[in-house]
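The values are calculated or read from the model by the stated rules, or taken from the named source; none is laboratory data. All values derive from a computational prediction rather than experimental measurement. A quick note on method: Cβ atoms are made from the backbone with ideal geometry, for glycine too, and the neighbour counts reach across all protein chains shown. For the accessible areas, the whole protein counts, side chains as well, though only heavy atoms, and no ligand, DNA or RNA atoms are used. Shrake-Rupley method; radii C 1.70, N 1.55, O 1.52, S 1.80 Å.
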Amino acid sequence: MDWSINTLPLPEYVELGVHSLSGLLWTLLFLFLWHCYRIGSDLPIPGHAGKLKSSSRRSMISRSGVCMGTKCSARSKLSRSDQIAPFISMETAKDEEQGQGYLTPVLSHALFPAQASAEAKKLYAALQEYAKRYSWVGMGRIHKGLREQVRLNDLSTIQKPHLFFLPDVPSVPFFPHDAHRHDIEVLEANYPAILAEFQAVYQRGIDSKSGWTCLGPKSQAVFSLYSAGVCVAENCRSCPSTYRTLLSLRTFINSNSLGSAGFWLLGPGAILGSSYGPTNTRLRCHLLQTPTSCELVVGGEPQCWSEGHCLLLDDSFLHTISHKPPESGPRVILSVDLWHPNVAAAERQALDYMFTP
């Protein structure tokens with residue numbers, strides 16, 4: 001028997017025209033989307049596994065109650081548990097992954113290391129107070145650094161800040177000017193005025209009555225403008241242009257005890273032995289004039305100052321300063337502490353709170 005398309009029974013909507021067929025297709029599309037939405041709404045939402053388990057238990061109880069006392073009750077419980085099991089295992093895997101996170105000790109109420117110093121415990125208490133007042137968001141590296149400071153002090157390494165170490169901060173002994181281009185350009189543009197104000201305070205004499213602080217027998221003295229985050233008002237009044245320049249810097253640390261600024265003087269023949277700075281969250285910027293024979297070695301890399309140009313370094317690396325030739329004049333620098341470019345804004349705010357002067 002021969003078959004043709006004309007012999008097939010066609011639905012009635014074919015005879016109604018193209019518009020009816022189009023309406024049917026739109027209806028089918030809507031039903032398909034609605035079906036996808038219902039299926040998607042039953043899937044677990046990441047981070048809400050607890051809600052999923054509780055709602056699944058309620059649905060199991062309600063559904064099993066329909067066929068209580070029959071075999072279908074056991075079958076329904078088994079099938080539902082098989083469906084929930086993958087979600088529970090996903091939650092466990094996620095918890096294990098979070099176990100490697102920064103804030104695991106906070107979430108698990110783990111005790112702070114007992115062998116930590118009194119200063120570290122004080123900083124940890126300040127961090128907890130800050131987090132309660134504001135948020136734990138962005139505090140992961142700081143929290144990790146406080147807990148690992150004890151272990152860091154026991155290591156023999158080229159970079160070992162003795163007060164606070166912020167982990168996962170990429171750093172090198174010397175930084176290019178691009179790290180703080182704006183601030184360096186401001187300092188170098190105001191170099192003539194800064195030099196003139198230094199010469200004025202230097203000629204008044206190196207003694208405490210003139211605002212200088214002598215630092216031992218190595219002909220080392222400092223004229224502080226900011227000391228441990230506190231403005232030295234009398235000295236700043238003696239150097240108004242330098243003071244205004246400091247305030248115009250974007251990354252100057254002037255709100256916590258990690259930051260200082262001032263004129264540092266080192267007499268000829270002096271050598272400052274190897275030492276570490278207190279933290280890797282800052283960079284030190286040196287400006288002014290020094291004899292060409294002076295040398296600074298940071299992290300095994302030697303550098304010399306250039307008059308009128310900034311030198312940007314990370315003093316949390318092992319560093320040494322030498323000024324050997326006795327016939328040359330003193331080494332003079334304006335030292336300014338700037339934030340490390342890899343310290344985030346939230347971390348800077350927390351460190352200001354923790355290291356309040």
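Summary of values
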read-out	value
Residue match in the range 161-174 (condition: acidic (Asp, Glu) and touching a residue at least 60 places away in the same chain (Cβ under 8 Å))	no
Total residues in the range 285-320, condition aromatic (Phe, Trp, Tyr) and under 12 Å from residue 159 (Cβ atoms)	1
Residue among 106, 137, 150 that is modelled with pLDDT under 65 and under 21 Å from residue 355 (Cβ atoms)	106
Filter result for the condition that a residue is at pLDDT below 85, acidic (Asp, Glu) and not in a strand (DSSP E or B), over 307, 327	327
Single residue of the range 265-304 satisfying the filter (assigned to a loop (DSSP other than H, G, I, E, B) and open to solvent by 30 Å² or more (accessible area, probe 1.4 Å)) that is nearest to residue 168 (Cα to Cα)	276
Filter result for residue 184 (open to solvent by 30 Å² or more (accessible area, probe 1.4 Å), under 25 Å from residue 236 (Cβ atoms) and either touching a Leu at 6+ places or on another chain (Cβ under 7 Å) or of a type in the set (Val, Ile, Thr) (or both))	no
Residue among 351, 334 that is in contact (Cβ under 8 Å) with a residue 60 or more places away in the chain, surrounded by 17 or more Cβ atoms within 10 Å (Cβ to Cβ) and in a strand (DSSP E or B)	334
Some residue of the range 191-198 being at pLDDT 95 or above and either among the charged types (D, E, K, R) or under 25 Å from residue 276 (Cβ atoms) (or both)	yes
The range 229-259, subset out of contact with any Leu (no Cβ under 8 Å at 6 or more places or on another chain) and assigned to a loop (DSSP other than H, G, I, E, B), residue surrounded by the fewest Cβ atoms within 10 Å (Cβ to Cβ)	250
Complete set of residues in the range 213-225 that are surrounded by 14 or more Cβ atoms within 10 Å (Cβ to Cβ) and without any contact (Cβ under 8 Å) to a residue 40 or more places away in the chain	213, 214, 215, 224, 225
